[in-house]
1. Exactly one of (1) in contact with a helix residue (DSSP H, G or I) (Cβ under 9 Å, 6 or more places away or on another chain); (2) outside any strand (DSSP E or B); (3) open to solvent by 90 Å² or more (accessible area, probe 1.4 Å); (4) not hydrophobic (A, V, I, L, M, F, W, C) is unmet by residue 132. Its number?
2. Just to be sure I understand the filter: pairs with C-beta atoms under 9 Å, separated by 6 or more residues or on different chains, first member in the range 65-93 and among the basic types (Lys, Arg) and at pLDDT 95 or above, second member open to solvent by 60 Å² or more (accessible area, probe 1.4 Å) and outside any strand (DSSP E or B). Which pairs pass?
3. Taking the range 115-129 as the search range and keeping residues that are under 21 Å from residue 10 (Cβ atoms) and in contact (Cβ under 8 Å) with a residue 24 or more places away in the chain, which one is surrounded by the fewest Cβ atoms within 10 Å (Cβ to Cβ)?
4. Has the range 42-52 got at least one residue that is more than 17 Å from the chain's Cα centre (by Cα), at pLDDT below 90 and part of a loop (DSSP other than H, G, I, E, B)?
5. Out of all the residues in the range 142-151, is one or more touching a Phe, Trp or Tyr at 6+ places or on another chain (Cβ under 8 Å), among the acidic types (Asp, Glu), over 18 Å from residue 36 (Cβ atoms) and free of Cβ contacts under 8 Å to residues at least 60 places away in the same chain?
6. Residue 36 passes all but one of (1) open to solvent by 50 Å² or more (accessible area, probe 1.4 Å); (2) in a loop (DSSP other than H, G, I, E, B); (3) within 20 Å of residue 112 (Cα to Cα); which number fails?
7. Can you pull out the residues in the range 127-152 that are touching a Leu at 6+ places or on another chain (Cβ under 7 Å) and of a type outside the set (Val, Ile, Thr)?
8. Restricting attention to the range 144-177, and to residues there that are under 18 Å from residue 114 (Cα atoms) and in contact with a Lys or Arg (Cβ under 8 Å, 6 or more places away or on another chain), which single residue is surrounded by the fewest Cβ atoms within 10 Å (Cβ to Cβ)?
Amino acid sequence: MSDDTSVILRPAREDDLPLLERFLFDPEAASPFQWFGWRDPDRFRRRFAENGLLGPDDGQLVVDASDAGAPLGFVSWHRLGTGPTSYCWSMGIALAPEARGRGIGTRAQHLLVRYLFAHTPVQRIQADTDLENIAEQRALEKAGFTREGVMRAAVFRDGRWRDCVLYSVLRDDPLPG
């Protein structure tokens, strides 16, 4: 990412939906770690019509940058129960191929952590990624996450069960700049 690129998160607009849908229709756009086969092609449009992709138990924000000219992807989160009366957020990211490898994902995930801690009372935010997705592991660590361990055979993708690495950040953990 160049020094003059400013990454922001913003609510989705209707004209962002084709990018979000691209991740459902295009295996190359989804990346080998995010492609889980063909999925409901209208799910983003239904959720957008219902709540603008911002619900009480989950949400999605668009990743944008000053030099992009178009949205670059999105970050998402959903409520994950951790006990009878407690929960944390589980978050993720999907970036268009042209946005990868530029530090945009690290910055977007950092911004989402700050946003969720500022606007919700959760104590913990977690993320997981494929054991082979070294770039995402580095991005999470740079965004302030701590590696907690490997979840064996956690995700079924491309004909076999895959191990994932679990990361978390707590409200009181020091976050980078």
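The values are calculated or read from the model by the stated rules, or taken from the named source; none is laboratory data. Bear in mind the structure is a predicted one, so any value in this text is a computation, not a measurement. Using ideal geometry, Cβ is built from the backbone for each residue, glycine included, and neighbour counts are taken over all protein chains shown. For accessibility, only protein heavy atoms count, side chains too; no ligands or nucleic acids. Shrake-Rupley method; radii C 1.70, N 1.55, O 1.52, S 1.80 Å.
1. (1)
2. The qualifying pairs are 79/56; 79/57.
3. Per the stated criteria, the residue is 120.
4. No: the range 42-52 contains no residue that is more than 17 Å from the chain's Cα centre (by Cα), at pLDDT below 90 and part of a loop (DSSP other than H, G, I, E, B).
5. yes
6. (3)
7. Within the range 127-152, 127, 128, 144, 148, 149, 151 qualify.
8. The residue in question is 176.
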